[in-house]
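A.B. asks: A single structure is presented below for examination.
The values are calculated or read from the model by the stated rules, or taken from the named source; none is laboratory data. As the structure is a prediction and not an experimental result, all values here were calculated from the model. Here the Cβ is made from the backbone with ideal geometry for all residues, glycine too, and neighbour counts use every protein chain on show.
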Amino acid sequence: MSAPFPPYRKPVPWRTILAVLLVVLATAFTVVTLQRLGRIITWFVVAAFFAAILTPAVDFLERKVRMPRVLATLIVFLLGLAAMAAMLYSFIRPLVDQAYEFSDNLPKYVEEAKAGQGPVGGLVERYDLDTYVERNQEKLRATVTGAGGPAAKFASSIFSTLAAVVTILVLTFLLLLEGPKVIDGLLRLIPPRHRDRVRRVARDSNRAITGYMFGNLAISVIAGVATYLVLWPLGVPFRGVLALWVAFADLIPLVGATLGAVVVSAVAFLDSPRTGIIVVIFFVIYQQFENHVLQVSIMSRTVDLNPLAVLASVLVGVELFGILGALLAIPAGGVLQVVCRDIYDTNLGMLKDEPTIGVDEVPISEVQRDEAAEAATAAVEGEGDPPALGGPPPLPGPAAGM
C-alpha cells in the first residue's frame with residue numbers, strides 16, 4: 001500500500017512576511033533609541049519623581065490660597081531648593097571645617113607620626129609604614145605625578161553632574177508648571193469611560209510616592225539625631241558629619257542603614273575599642289527598633305510592600321540606574337502595586353458597579369424600571385394601584401446577585 005500524500009501546506013503570504021520584518025525592525029529601532037536616550041529618560045524620571053513630591057504643595061497653594069499656578073510653582077520650587085541647599089550645606093560645611101583643621105594641624109601630626117605618637121604614629125609604628133614609604137618613594141612619586149589624568153576625568157564628571165542637575169531642576173519646574181495641562185491632554189486621549197479610573201490610579205500613585213518620600217525622610221532624620229545623641233557623650237570626632245552620613249545613607253533601601261552603621265562604627269573603633277563596641281551595640285538595637293517599630297508605624301499608611309517585592313524593586317533599580325535607581329525603586333514598586341491592585345479589583349475581585357438579578361444577570365435598575373412600567377400600566381387599566389412615590393418597587397423573588 002502506497003504512503004499517503006503529505007497534506008498540502010498553504011504558503012505564507014508576502015504581506016505577512018513583510019509585516020513580521022517591519023515589526024522586528026521597529027522593535028530593534030525602539031530598543032536602540034531607548035539605549036541612546038537612556039540618560040535623558042533618566043533625567044525625566046528623576047524630574048517626574050521630584051515633581052510628584054512637590055505637586056501637592058503647589059495644588060494646595062493654587063486651590064486653597066488662590067495663588068496663580070506660576071507663583072505657587074515658583075514659591076514651592078524655591079523652598080525645595082532652599083531645603084536641599086540647607087541639607088547639602090549642613091553636610092559639606094563640617095567636612096570643609098575638618099579639612100581646614102587637619103591642614104592646620106598637619107605639621108603636628110607629622111611630628112607625632114615620626115615620634116610614634118598619636119593615632120597616626122601608632123599606625124605607622126604598628127605597620128612599619130615609614131619603611132614602606134622609604135622603599136617605594138619612586139612609585140609613590142610616579143603615582144602622584146600621574147594623578148593629573150584622573151583629576152581631569154573627575155573634573156569632567158563634575159561638569160556633567162552639574163549639567164544633569166541643572167537639567168533636572170528645569171524639567172522639574174516645567175513639569176510642576178505644566179503638569180495639569182499635560183495630564184488633561186493625556187486624559188483626552190483616553191476613552192471617556194476609562195478617564196475616572198485612570199485619574200484615580202494616578203492620584204493613588206502620587207500618594208504612594210509622596211507618602212514613601214516623607215516617611216523615609218522622617219525615618220532618616222530620626223536615625224541621624226539618634227546617632228548624634230549617642231556619639232556626643234562618647235566624644236567621637238566628626239560626630240556631626242557621621243550623623244549626617246547615617247541620615248543620608250538611611251535613605252537607601254535595605255542596605256543604607258548597614259552602610260551608615262559600618263562607617264560610623266569604624267570611626268568609633270579608631271577612637272577606642274570601648275567606644276566602637278558601644279556604637280555597634282547601639283546600631284544593632286536601633287536597627288531592630290527601626291525595622292519593627294518605625295517602618296511599621298510610618299510606612300504602613302504610605303507604601304506597604306512585601307519584603308520580597310522591596311528586594312526585587314531595589315535590585316532592578318540598582319541594575320538599571322545605580323544608586324539613583326535604589327532610591328527610586330520602592331516608590332516605583334508602590335506605583336506598580338497601585339496599578340496591579342486596580343487591575344485586579346476591576347477585573348477579578350471588585351464588586352459589580354450595579355447588582356444584578358437572576359441567571360441572566362439583569363441589572364437591578366432595568367428590573368425596577370420594568371416593574372414600575374408594569375405597575376403604571378396596571379393602574380391606568382384599573383388592575384391595581386400605582387406604586388407609592390419616594391421609593392423603588394419591591395424586588396422580585398430571586399435574590400439580587402452581586
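A.B. asks: Working carefully through the options L229, L217, L234, find the one that is in contact with a Leu (Cβ under 8 Å, 6 or more places away or on another chain) and outside the structural domain of I183 (by TED's automatic domain parsing). Can you show your working first?
C.D. replies: On the way: L229 fails: in contact with a Leu (Cβ under 8 Å, 6 or more places away or on another chain); L234 fails: in contact with a Leu (Cβ under 8 Å, 6 or more places away or on another chain).
Sole residue among the options that is in contact with a Leu (Cβ under 8 Å, 6 or more places away or on another chain) and outside the structural domain of I183 (by TED's automatic domain parsing): L217.
A.B. asks: Restricting attention to region 236-256, and to residues there that are in contact with a helix residue (DSSP H, G or I) (Cβ under 7 Å, 6 or more places away or on another chain) and farther than 23 Å from R93 by Cα, which single residue is surrounded by the most Cβ atoms within 10 Å (Cβ to Cβ)?
C.D. replies: P253
A.B. asks: Kindly list the number of the only condition in (1) among the β-branched types (V, I, T); (2) modelled with pLDDT under 80; (3) out of contact with any helix residue (DSSP H, G or I) (no Cβ under 6 Å at 6 or more places or on another chain) that fails for I285.
C.D. replies: (2)
A.B. asks: While we're looking at this one, here's another question. Given the conditions (1) in a helix (DSSP H, G or I); (2) modelled with pLDDT of 80 or more, and given that G122 satisfies all but one, which numbered condition is not satisfied?
C.D. replies: (2)
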